[in-house]
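Read through the structure below, which is laid out as structure tokens, and then see the notes.
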Amino acid sequence: MKFGYRERCLDHDTGTRHPETADRLRAIRRGLARRYGVVYEEGDLADRAALEAVHDPDYVAAVEEFCADGGGTWDADTVAVEDTWEAARASAGLACWAVEAALDGADGRETPFSIGRPPGHHAESDEAMGFCFFNNAAVAVQHAIDDGAIDRAVVFDWDVHHGNGTQEIFYDRDDVLYASIHERGLFPGTGEILETGGPNARKTTLNVPFPGGSGDVEFTAAVDDLLDPAVERFDPDLFVVSAGFDAHRNDPISRMRVSTEGFGHLTTRVREIAGRHDAPLAFVLEGGYGLDALADSVGMVHEVFDGREPVDPDGEVTSKARRVIADVRDAHDL
């Protein structure tokens with residue numbers, strides 16, 4: 001794969017006790033150093049126009065001013081320093097690089113994966129939250145739409161937390177399908193089954209709120225039984241994965257049970273779905289707070305594009321997860 005990375009993203013200093021630290025990117029880089037064929041690209045900092053395409057201009061200005069004044073605590077989970085402004089622009093810019101590279105034909109072993117921070121999927125149009133300031137995936141998708149490169153995009157979010165920001169930004173848009181598999185009851189408390197899109201965008205938001213303890217079998221079933229037919233109906237020109245790895249069984253802040261091999265299997269499924277629609281595929285890093293699990297999982301995604309065939313998950317979908325899948329299917333007429 002080609003990875004988007006910029007040293008500036010390390011300068012977003014959240015302190016020693018915060019789960020979202022620069023050590024996340026350092027761990028990923030150490031893990032990738034042991035693997036063949038890794039290429040890094042820096043991309044460009046996202047400019048104000050790109051940010052304001054999905055965020056309120058007053059909010060963008062407020063973030064810039066907050067950082068210029070030295071930063072501090074935006075909310076209980078979201079902190080900044082002076083360098084956060086450029087780090088956040090770098091992270092959004094890397095997501096734009098990943099989408100642009102995919103649309104320019106980068107695939108197979110050159111499939112792009114942006115590993116910027118701060119992450120983005122909790123950032124709403126006018127609010128920072130959940131460690132996020134700018135919604136990286138949304139900025140990148142909107143940039144591609146505004147450039148006329150695409151008409152329709154899928155954002156598939158497999159982070160353990162619901163991407164409330166991505167949903168909010170695109171909720172009443174019929175040109176973006178947002179799909180999320182997440183743990184029910186976790187922050188931010190959004191992502192219910194019946195949140196299916198606004199009046200002008202019915203059935204373009206697909207939420208799968210699984211109970212804690214769900215793992216490889218459940219996530220695969222959601223992709224096969226829900227995501228695949230939803231994408232088939234939507235027929236996108238671009239497929240973006242909001243790739244958080246905090247659903248990993250060894251992540252400290254969730255109760256999900258996805259394995260490293262399971263993330264590889266999800267990658268294989270996503271690659272197949274995007275391929276059937278000739279939709280360029282790009283990955284954008286979101287969460288993941290167990291450093292070894294995070295590094296191994298990103299490495300697994302890379303290895304899938306380098307020819308590895310992950311083992312199919314074994315076992316039966318739990319009865320609780322089956323009910324969720326059935327309810328989502330009914331809500332979306334799948």
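The values are calculated or read from the model by the stated rules, or taken from the named source; none is laboratory data. Because the structure is predicted, anything quoted here is derived from the model rather than measured. Cβ sites come from the backbone with ideal geometry, for glycine too, and all protein chains shown count toward neighbours.
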Worksheet item: Is it the case that PHE283 is in a helix (DSSP H, G or I) and aromatic (Phe, Trp, Tyr)?
Response: no
Practice prompt. Please state which one of ALA101, ALA76, ALA80, ALA123 is more than 19 Å from the chain's Cα centre (by Cα), crowded, with 20+ Cβ neighbours inside 10 Å and on the phi < 0 side of the Ramachandran plot.
Written response: ALA80
Fill in: CYS9, sole failed condition from (1) crowded, with 19+ Cβ neighbours inside 10 Å; (2) assigned to a loop (DSSP other than H, G, I, E, B)
(2)
Discussion item. If I ask for residues that are under 18 Å from ASP157 (Cβ atoms) and β-branched (Val, Ile, Thr), which ones from region 243-267 would you list?
Written reply: ILE253, VAL258, THR267
Practice prompt. Go through (1) assigned to a loop (DSSP other than H, G, I, E, B); (2) within 15 Å of the chain's Cα centre (by Cα) one by one and return the number of the condition THR267 breaks.
Written response: (1)
Item to complete: Please verify whether region 251-260 includes one or more residues that are touching a helix residue (DSSP H, G or I) at 6+ places or on another chain (Cβ under 8 Å) and in a loop (DSSP other than H, G, I, E, B).
Response: yes
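Results for (1) aromatic (Phe, Trp, Tyr); (2) more than 16 Å from the chain's Cα centre (by Cα); (3) modelled with pLDDT under 95; (4) not in a helix (DSSP H, G or I), shown as yes or no for each residue.
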site	(1), (2), (3), (4)
SER297	no, no, no, no
VAL304	no, yes, no, no
GLU316	no, yes, no, yes
ALA321	no, yes, no, no
ASP327	no, yes, no, no
Item to complete: Select from region 180-202 the residues that are more than 14 Å from ASP327 (Cβ to Cβ), more than 17 Å from the chain's Cα centre (by Cα) and of a type outside the set (Gly, Ala, Ser) and list them in ascending order.
Response: PRO199, ASN200, ARG202
Worksheet item: Can we say LEU334 is in a helix (DSSP H, G or I), in contact (Cβ under 8 Å) with a residue 24 or more places away in the chain and either over 18 Å from the mean Cα position of the chain (by Cα) or surrounded by 22 or more Cβ atoms within 10 Å (Cβ to Cβ) (or both)?
Response: no
Discussion item. Within region 67-117, take every residue that is charged (D, E, K, R) and touching a helix residue (DSSP H, G or I) at 6+ places or on another chain (Cβ under 7 Å) and give me the one that is nearest to PHE239 (Cα to Cα).
Written reply: ARG109
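Does GLU65 fit the bill of being at pLDDT 95 or above and more than 21 Å from the chain's Cα centre (by Cα)? Please lay out each step first, then the result.
On the way: at pLDDT 95 or above: yes; more than 21 Å from the chain's Cα centre (by Cα): yes.
Answer is yes for this residue.
Table: residues versus (1) assigned to a strand (DSSP E or B); (2) closer than 27 Å to ARG202 by Cβ; (3) touching a residue at least 24 places away in the same chain (Cβ under 8 Å).
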{"position": "ARG117", "(1), (2), (3)": "no, no, yes"}
{"position": "VAL141", "(1), (2), (3)": "no, yes, yes"}
{"position": "ILE150", "(1), (2), (3)": "no, yes, yes"}
{"position": "ILE169", "(1), (2), (3)": "no, yes, yes"}
{"position": "TYR178", "(1), (2), (3)": "yes, yes, yes"}
Practice prompt. Would you check if there is a residue in region 206-215 being free of Cβ contacts under 8 Å to residues at least 60 places away in the same chain, of a type outside the set (Asp, Glu), under 17 Å from SER254 (Cβ atoms) and surrounded by fewer than 24 Cβ atoms within 10 Å (Cβ to Cβ)?
Written response: yes
Worksheet item: With respect to VAL54, is the statement that it is surrounded by 22 or more Cβ atoms within 10 Å (Cβ to Cβ) and farther than 18 Å from LEU285 by Cα true?
Response: yes
Item to complete: Within region 237-254, identify whether any single residue is out of contact with any Gly (no Cβ under 6 Å at 6 or more places or on another chain), farther than 17 Å from ILE181 by Cα, touching a residue at least 60 places away in the same chain (Cβ under 8 Å) and not polar (S, T, N, Q), and answer yes or no.
Response: yes
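Being crowded, with 24+ Cβ neighbours inside 10 Å and more than 30 Å from ARG17 (Cβ to Cβ): is that true of THR220 here? Give the derivation first.
Working: crowded, with 24+ Cβ neighbours inside 10 Å: no; more than 30 Å from ARG17 (Cβ to Cβ): yes.
For THR220, the condition - crowded, with 24+ Cβ neighbours inside 10 Å and more than 30 Å from ARG17 (Cβ to Cβ) - is not met.
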